Amino acid sequence: VIRLTVLGSCGTYPAPGRACSGYLLEAGPDDGSGPSAKVWVDAGGGSLANLLALADPSELDAIWISHLHVDHVNDLPLAYYALRYGDYDRAPPILPVYGPTGWADRLGGFVTMGTSSALEDAFEARELSDGARLTIGPLELTAVATVHSVETYALRASAGGHTIAYSADSGPCDALVRLAGGADLFLCESAWASWSDDMPPHHMTPALAGRVAAQAGAAQLVLTHLRPHQDRRAALEQAGDGYGGKLGVAVEGDVYQLGGTP
Ligand SMILES: [Zn+2]
């Protein structure tokens, strides 16, 4: 079984009571026996509070940061505080954190603010590259570099014969079609309501997400990273113009499970 819970789905900035990009990805055997895995994917503002309702950061096997824009990373410093200063009987295991090149240097100074503590007290810094594969328990993860304004990695996650693809932030590109190829669930950002040819390829629109999902043969498309003011119903209509599969818009608390008993 593989399961994705939406911790935050707002693009760029949050809406009242809601959170920026964050997802809890979990996998385990269908019958509940054997190894399982929990990965927090993107740490946008507010997503840690929603994660804490489901799991303690000390229970995570890894954190995946797709890129260093604030709406995807700004709860990571708080996760460091939670692990360092949380009410634990003994220090939690050092947590592997995967991110783009140089992420630990960029965030380390901010997190530790010149004190004697260091990022390594809670996190093990690991860097992603295009095509990198990692195995975490039953989860097989592949990083796919997208076209965005900074180094960014989408995530293709498989377990038990099911696949979830997450676009991270991306403009329209062939990499997204590969990422979502044959996926059971394609979680695709749609930060821009509409497209014009003079725009840089930094984000998707609902219409573009629908086209990519159709091209990739994804069984289900879930739009995410809509800006708070974006019209969700219009987004669904636009995505549906080019895509005939199951379609939705991600909202905090939504759970998408493949395999097992929901
Ligand atoms: Zn971004």
Q. So, by mean Cβ neighbours within 10 angstrom, what's the order for 241-251, 12-22 with the highest one leading?
A. 12-22, 241-251
Q | Check: the chain dipole with +1 on Lys, Arg Cβ and -1 on Asp, Glu Cβ, in debye | A | 320 debye
Q. What net charge do the residues around Leu24 carry, taking every other residue with its C-beta under 9 Å from that of Leu24, with Lys and Arg at +1 and Asp and Glu at -1?
A. +1
Q. Based on the Kirkwood radius over alpha-carbon pairs, what is the Stokes-Einstein translational diffusion coefficient of the stretch 1-97 at 25 °C with 0.890 mPa s viscosity, in µm²/s?
A. 179 µm²/s
Q.
Please report the antiparallel percentage of the DSSP beta bridges confined to the stretch 23-70, to the nearest 5.
A. 60 percent
Q: Take the Cα gyration tensor of the chain, multiply each eigenvalue by 5, square-root it, and list the three semi-axes largest first, rounded to whole angstrom.
A: 29, 21, 17
Q: Quick one: what are the phi-derived ³J(HN,Hα) couplings along the stretch 64-70, Karplus 6.51/-1.76/1.60 with θ = phi - 60°, whole Hz, x for glycine and proline?
A: 10, 10, 6, 6, 9, 5, 4
Q: Would you mind calculating the relative contact order of the stretch 40-181 from Cα pairs under 8 angstrom and at least 6 residues apart, reporting the percent as a whole number?
A: 18 percent
Q) What does the highest-first list of 45-52, 253-260, 57-64 look like by mean Cβ count within 10 Å? A) 45-52, 57-64, 253-260
Q) Dipole of the stretch 114-258, Cα-centred, from +1 at each Lys and Arg C-beta and -1 at each Asp and Glu C-beta, to the nearest 20 debye? A) 440 debye
Q | Relative contact order, percent, the stretch 160-262 [alpha-carbon distance under 8 Å, six or more residues apart] | A | 27 percent
Q) Within the stretch 107-262, what percent of beta bridges assigned by DSSP are antiparallel, to the nearest 5? A) 60 percent
Q) How large is the helix-only mean residue ellipticity at 222 nm for the chain, computed as the sum of -39500 (n - 2.57) over DSSP H runs with n ≥ 4, divided by its residue count, in deg cm²/dmol to the nearest 500? A) -6000 deg cm²/dmol
Q: Treating the angle as unsigned and between 0 and 90°, give the value, to the nearest 10°, between the Cα long axis of helix 76-85 and the longest Cα principal axis of the chain.
A: 30 degrees
**Q.** Backbone N under 16 Å from the Ala193 label point (7 Å along Cα→Cβ), restricted to the stretch 228-262
**A.** 228-239
Q.
Please list, ordered by chain and number, the residues whose modelled amide H lies under 5 Å from the amide H of Thr163; skip anything fewer than 5 residues away on the same chain.
A. Asp184, Leu185
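Can you order the peptides 137-148, 196-207 by their average number of other Cβ atoms within 10 Å per residue, highest first?
137-148, 196-207
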(Q) Whole-Hz ³J(HN,Hα) for each residue in the stretch 45-53, computed from phi via Karplus 6.51 cos²θ - 1.76 cosθ + 1.60 with θ = phi - 60°, x for glycine and proline: what do you get? (A) x, x, 6, 5, 4, 6, 4, 4, 5
Q: Note the angle between two axes, namely the Cα long axis of helix 103-112 and the longest principal axis of the Cα atoms of the chain, as a number of degrees from 0 to 90, rounded to the nearest 10.
A: 50 degrees
Q) Taking other Cβ within 10 Å of each residue's Cβ, how do Ser117, Ser167, Ser158, Ser194 sort, fewest first? A) Ser194, Ser117, Ser158, Ser167
Q: Would you pull out the residues with amide H under 5 Å of Met204's amide H, same chain only if 5 or more places away, H placed 1.01 Å from N?
A: Ser170, Ala191, Trp192
Q: List the relative contact order of the chain as a percent without decimals, with contacts defined as Cα pairs under 8 Å and 6+ residues apart.
A: 19 percent
Q. Tell me, what HN-Hα J-couplings in whole Hz come from the Karplus equation 6.51 cos²θ - 1.76 cosθ + 1.60 at θ = phi - 60° for each residue of the stretch 194-211, using x for Gly and Pro?
A. 8, 10, 9, 5, 8, 7, x, x, 9, 9, 9, 10, x, 5, 5, 4, x, 5
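Every number here is computed from the coordinates shown, using simple stated rules; none is lab data. Since the structure is predicted, the reported quantities are computational estimates derived from the model, not experimental observations. We place every Cβ from the backbone using ideal geometry, glycine too, and count neighbours over all the protein chains shown.
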